[in-house]
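> Got a structure for you, questions after.
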Amino acid sequence: MSATTETNYHAGPDAVSKKKSRYRRVSKGRGNFELWSWVFMRASGVLLLVLVFGHLFVNLMLGEGIHGIDFAFVAGKWSSPFWQTWDMLMLWLAELHGFNGVRTIINDYTEKDRTRWILKGLLVASALLVMVLGTLVIFTFDPCLDPSSTLSVCAR
Amino acid sequence: MTATAEKTDQTGGQDSPKAGVVPSFTVTLKISRFDPETDSEQHWETYEVTAHATDRVLDALHQIKWDQDGSLSFRRSCAHGVCGSDAMRINGKNRLACKTLIKDVNPDKPITVEPIKGLPVEKDLIVDMEPFFDAYREVMPFLITEGNEPTRERIQSQADRDRFDDTTKCILCAACTTSCPVFWNDGQYFGPAAIVNAHRFIFDSRDDGGTQRLEILNDKEGVWRCRTTFNCTDACPRGIEVTKAIQEVKRALLTSRF
């Protein structure tokens with residue numbers, strides 16, 4: 001191969017960094033974040049298996065099964081701190097698990113830093129919205145919001 | 001080289017093959033060409049080559065370069081699968097051209113030959129390997145020891161040697177790293193080859209730099225970016241279980257924490 005004046009084949013490591021920035025390796029910093037995110041994915045996955053299938057079993061199989069699900073059923077469940085905690089855990093873990101998965105996909109597929117930050121911004125906003133609203137609903141849920149409610153707990 | 005002598009033979013006596021002669025056939029090679037001085041992007045060029053069943057893709061490339069088009073550029077040194085210079089994308093899979101028999105990659109259809117992906121193409125099948133070696137250098141691929149040097153050699157049991165035997169086989173051809181979709185994206189991921197070479201020292205009982213190397217691979221662009229797609233294991237011409245090595249580094253990181 002004849003070395004031409006334009007291309008310096010013996011320029012060493014810096015030749016790449018100056019010419020083709022896309023290929024330059026830039027240190028993105030240390031820290032255990034990726035390790036914990038990896039562990040979280042596995043741990044939340046296992047927990048979600050229990051939570052989701054427990055949820056499905058209780059809602060669809062126990063008692064009257066799927067036919068027993070109505071407003072009163074949900075109201076009854078959410079009057080108990082146990083189910084409030086269960087549902088909140090399920091909401092948070094599922095949302096964060098999904099958030100982390102999509103974050104990974106964005107990291108893997110976006111090429112430009114700008115696109116990456118925009119997509120991640122949207123993702124964070126949507127995850128926060130779902131978690132905050134969901135948690136708010138679980139804990140501020142009032143079965144008697146409707147004045148004409150016929151539920152027994154609302155009888156005064 | 002014997003291959004050259006064979007080729008002159010074969011073009012001469014192609015019409016009347018003698019008994020015991022390896023049968024020859026015509027094969028089409030579709031090669032990705034790029035000349036940085038005239039081209040703005042890569043394009044395909046097709047060549048017809050007469051090959052034997054014993055010929056490798058590298059022999060076909062030689063034939064093209066020597067007899068048809070001298071401007072074709074590719075790397076090769078030992079031509080016997082040891083130096084790791086001629087990794088290229090043959091029919092969409094990363095292989096060493098010197099270890100791939102033409103008859104094994106379906107010569108009935110045109111065989112595509114491209115440079116390995118994810119590294120800047122310099123000319124034709126030659127890529128700039130510097131980003132690849134940058135990642136390799138970062139994992140400190142050399143023996144790091146503490147304390148006094150022993151008066152004689154550093155003794156190691158057979159079992160300790162076997163622990164990292166698989167990853168000593170790496171020839172740094174970049175077939176694994178450039179088959180990794182995560183590496184293709186932005187080239188920031190350390191890549192399988194760098195992790196394999198870190199593994200070779202992390203699990204070496206004579207080495208004391210394991211903790212440092214693990215910390216390096218705990219980086220945002222380190223082992224946690226591995227999606228276990230097994231492209232690297234499939235691509236490795238030395239048969240290294242690359243994905244397994246990466247997982248072992250992950251496990252070592254986890255066990256050092258918990």
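The values are calculated or read from the model by the stated rules, or taken from the named source; none is laboratory data. Every value quoted in this text rests on a predicted model; they were computed, and no experiment measured them. Neighbour counts are summed over all protein chains in view; Cβ atoms, including those assigned to glycine, are modelled from backbone coordinates with ideal geometry. The area values use the complete protein model at the heavy-atom level, side chains included, leaving out ligands, DNA and RNA. Shrake-Rupley method; radii C 1.70, N 1.55, O 1.52, S 1.80 Å.
> For an R0 of 45 angstrom, estimate the FRET efficiency from the Cβ-Cβ distance between B:GLU241 and A:VAL50 and round to the nearest 0.05.
0.85
> Take every Cα pair under 8 Å in chain B that's 6+ residues apart, average their separations, divide by the length, and report that relative contact order as a whole percent.
16 percent
> Further question: Once both labels are modelled 7 Å past Cα along the beta-carbon direction, what's the A:TRP117-A:MET88 spacing in nm?
Here the answer is 3.5 nm between the modelled labels.
> Can you work out the accessible area per residue across the range A:32-144, with the rest of the protein chains kept in place, probe 1.4 Å, in square angstrom?
Counting only protein heavy atoms, the per-residue value for the range A:32-144 is 62 Å².
> Quantify, in whole percent, the carbon and sulfur part of the accessible surface of the range A:84-156 (1.4 Å probe; protein heavy atoms only).
Roughly 71 percent, rounded to a whole number.
> Return the residues of the range A:88-123 for which accessible area with all protein chains present is lower than in the chain on its own by 10 Å² or more; set the probe to 1.4 Å and exclude ligands, DNA and RNA.
Buried-area filter returns A:THR104, A:ASN107, A:ASP108, A:GLU111, A:ARG116.
> Sticking with this structure for a sec: Accessible surface of B:THR168 in the full protein assembly, 1.4 angstrom probe, to the nearest 10 Å²?
Accessible area, nearest 10 Å²: 50 Å².
> For chain B, with every protein chain kept in place, what is the accessible area per residue (1.4 Å probe, Å²)?
46 Å²
> So what does B:ARG89 come to for accessible area, using a 1.4 Å probe and Å² rounded to 10?
It works out to around 40 Å².
> Between the chain alone and the structure with every protein chain in place, find the residues of the range B:203-229 that drop at least 10 Å² of accessible area; heavy atoms, 1.4 Å probe.
B:GLU215, B:ILE216, B:ASN218, B:ASP219, B:LYS220, B:GLU221, B:TRP224, B:ARG225, B:ARG227
> Am I reading the B/A interface right? What is its buried accessible area, both sides, 1.4 Å probe, to the nearest 100 Å²?
Answer for the B-A pair: about 3000 Å² buried.
> Sort by residue number and report every cysteine in chain B with no other cysteine beta carbon within a distance under 4.7 Å.
B:CYS98, B:CYS170, B:CYS173, B:CYS180, B:CYS226, B:CYS236
> When Lys and Arg each count +1 and Asp and Glu each count -1, what net charge do the other residues less than 11 Å away from B:LYS123, Cβ to Cβ, add up to?
Neighbourhood net charge equals -4.
> As a quick test, which of the pairs A:LYS112/B:LYS109; B:LYS65/B:LYS117; A:LYS77/B:LYS250; A:LYS112/B:LYS123; B:LYS93/B:LYS169 have an alpha carbon distance above 32 angstrom in this structure?
A:LYS112/B:LYS109; A:LYS77/B:LYS250
> Grab the other residues whose beta carbon is less than 15 angstrom from that of A:VAL74, score K and R as +1, D and E as -1, and report the net.
After counting each charged neighbour, the total is -4.
> Once you have the Cα-Cα distance between B:SER205 and B:THR28, take 0.36 nm times their residue separation minus that, and quote the gain in nm to one decimal.
My answer for the length gained is 58.7 nm.
> If you fit an axis through the alpha-carbon atoms of helix B:2-12 and take the longest principal axis of the Cα set of chain B, what angle between them do you get, 0 to 90°, nearest 10?
20 degrees
> What FRET efficiency would be calculated for the residue pair B:SER77, B:SER40, taking the C-beta separation as r and a Förster radius of 25 Å, to the nearest 0.05?
0.25
> Label points 7 Å out from Cα along the Cβ direction at A:VAL58 and A:ASP108: separation in nm?
Reported label-point gap for A:VAL58 and A:ASP108 is 3.3 nm.
> What does the charge count near A:GLY121 come to, summing +1 for each Lys or Arg and -1 for each Asp or Glu among other residues with Cβ under 15 Å from its Cβ?
Residues close to A:GLY121 contribute a combined charge of +4.
> So, one more: Round to the nearest 10 and report in Å² the accessible area of A:ARG116, as given by a 1.4 Å probe over the protein chains' heavy atoms.
Its heavy atoms expose roughly 20 Å² to the probe.
> Using a Förster radius of 25 Å, what is the FRET efficiency between B:ASP67 and B:ASP104 based on their Cβ-Cβ separation? Nearest 0.05, please.
0.60
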